[in-house]
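Structure, as structure tokens:
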Amino acid sequence: MIRALFLVCAVLLSMPSLAGDGDGVRSRLAKPAVLRGTFEQSRHLQGFHNPLVSQGDFVVARDRGVLWETRKPFPSTTVIGRDRVLTRHADGSSEVVVDNAHAPAASVVNALMLAMLGGDVDALSKSFALKETDFPAGAWRLELVPRGSGLAHVFTRIILQGDRYVRSVHLDEKGGDTTDIEFQSLSETPAQLDASEAKQFE
């Protein structure tokens with residue numbers, strides 16, 4: 001998912017800001033400073049019967065970025081900060097996916113990830129046409145369709161579903177691959193990053 005979203009962000013840089021819908025979603029979503037949880041991601045590739053499944057933990061910090069820690073099948077941590085996107089592997093090696101000093105897309109990656117996981121409708125509406133469906137008990141569904149041809153080369157649509165939080169993300173890619181991400185065990189406490197989490201962004 002992280003690399004797929006990076007492709008989206010690379011084309012977001014040249015796209016104009018446009019107003020969008022989603023007022024109901026805005027009113028239903030919580031806006032915590034820090035949100036933690038677990039995820040399960042299933043990626044369905046064309047030509048393969050079984051999906052590729054990964055599991056792990058994540059932390060979304062509105063003022064710092066996203067920690068995406070995969071536990072299974074292969075441990076790795078992706079840190080999306082203000083200035084760079086960095087992947088750390090289980091063997092101790094690390095890889096800078098993009099550095100804002102050389103490519104300003106890093107800040108856009110951060111913004112899109114925060115928007116997706118935090119349900120930031122205003123940020124999403126800059127690059128996607130939104131179709132909102134509200135359900136009883138505060139539940140909602142938000143379908144995102146790329147506004148421009150650049151994004152349409154990567155995704156045909158993205159669907160977010162949730163209540164106070166984003167509970168799932170579904171991505172339909174142009175080539176026919178799909179990704180489903182389920183978020184669980186969501187918590188707003190503690191409301192600040194602990195020392196080990198904060199160190200990941202250094």
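Table for the structure above
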| item | result |
| --- | --- |
| Qualifying residues in the stretch 84-93 (those that are of a type in the set (A, V, I, L, M, F, W, C) and open to solvent by less than 70 Å² (accessible area, probe 1.4 Å)) - the one modelled with the lowest pLDDT | Val85 |
| Which listed residue is under 19 Å from the mean Cα position of the chain (by Cα), at pLDDT 80 or above and basic (Lys, Arg), from Arg43, Arg3 | Arg43 |
| Hits in the stretch 146-169 (condition: more than 18 Å from Gly24 (Cβ to Cβ) and open to solvent by 40 Å² or more (accessible area, probe 1.4 Å)) | Arg147, Ser149, His153, Thr156, Arg157 |
| Residue list for the stretch 171-201, restricted to those being charged (D, E, K, R), at pLDDT 90 or above, in a loop (DSSP other than H, G, I, E, B) and out of contact with any Pro (no Cβ under 7 Å at 6 or more places or on another chain) | Asp177, Asp194 |
| Inter-residue pairs, beta-carbon under 6 Å, first free of Cβ contacts under 8 Å to residues at least 24 places away in the same chain and in the stretch 72-84, second open to solvent by 70 Å² or more (accessible area, probe 1.4 Å) and assigned to a loop (DSSP other than H, G, I, E, B), 6+ apart | Pro75/Ala90 |
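The values are calculated or read from the model by the stated rules, or taken from the named source; none is laboratory data. Treat the numbers as computed from the prediction; the structure is a model and nothing was measured. Ideal geometry is used to build each Cβ from the backbone, glycine not excepted, and the neighbour counts take in all protein chains shown. These accessible areas exclude ligands, DNA and RNA; they are computed on the full protein's heavy atoms, side chains included. Shrake-Rupley method; radii C 1.70, N 1.55, O 1.52, S 1.80 Å.
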